[in-house]
1. Counting pairs of alpha carbon atoms under 8 Å apart in space and at least six apart in sequence, what relative contact order in percent does the chain give?
2. Could you give the length gained on full extension between residue 90 and residue 143, defined as 0.36 nm per residue of separation minus the Cα-Cα distance, in nm?
3. Please label the shape of region 65-129 as rounded, prolate or oblate, based on the square roots a ≥ b ≥ c of the eigenvalues of the alpha-carbon gyration tensor (a/c under 1.5 means rounded; beyond that, a/b larger than b/c means prolate, else oblate).
4. Put a dot 7 Å past each Cα toward the Cβ at residue 3 and residue 136; how far apart are the dots in nm?
5. Arranged by the count of other C-beta atoms within 10 angstrom, fewest first, what order do 106, 60 take?
6. Per residue of the chain, what 222 nm ellipticity follows from adding -39500 (n - 2.57) for every DSSP H run with n ≥ 4, rounded to the nearest 500?
7. Suppose the chain between residue 52 and residue 112 were pulled fully straight at 0.36 nm per residue; how much longer would it get relative to their current alpha carbon spacing?
8. Give me the Debye-computed log₁₀ of I(q)/I(0) at q = 0.09, 0.12, 0.14, 0.21 Å⁻¹ for the chain, equal point scatterers on Cα only, no solvent, two decimals.
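Just so you know, all these numbers are worked out from the coordinates, no wet-lab data involved. In this text the structure is predicted, and so the values were computed from the model without any measurement. Every residue, glycine as well, gets a Cβ built from its backbone with ideal geometry; the counts of neighbours run over all protein chains shown.
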């Protein structure tokens, strides 16, 4: 599922921004332009982070921005932004950020499982932390996806 959602169109490389708020807008832009989410969804992510802090930085350097389905999600979607230079959310450094949109509280469970597998893979983490090429990242995700499909 992850490689169906994360494509060359939703994976942004060499992103430059000045703040985590700007990062949410940039990383979420492909989802807005494709009609998967409304701009209000991105606003809800920023409001949640402002309220609850940096818990969306799920492993060192990697953020998984997400929000409530009712905040403007039209369909399940995923994007990824790779930063040229890190930004900070409180004390947490971010070099790569996913934006995840789910239509309900259950539809994204498989996607979250795949992301958890990916974020446990040293090669993928290295690519995300060092601004690896989009093709290398997508190929690594495909490899992980196929590995998990085998009985």
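1. Details: 256 pairs, mean separation 43.9, N = 151.
Over the chain, the number comes to 29 percent.
2. Taking 0.36 nm per residue and subtracting the Cα distance, the gain is 15.7 nm.
3. oblate
4. 1.8
5. Details: 106 8, 60 11.
So the residues, fewest neighbours to most, are 106, 60.
6. On the way: 6 runs with 67 residues, N = 151.
The per-residue figure over the chain is -13500 deg cm²/dmol.
7. Numbers: separation 60, 0.36 × 60 = 21.60 nm, distance 2.04 nm.
Extra length from residue 52 to residue 112 when fully extended: 19.6 nm.
8. Log-scaled intensity ratios, in q order: -0.24, -0.44, -0.61, -1.45.
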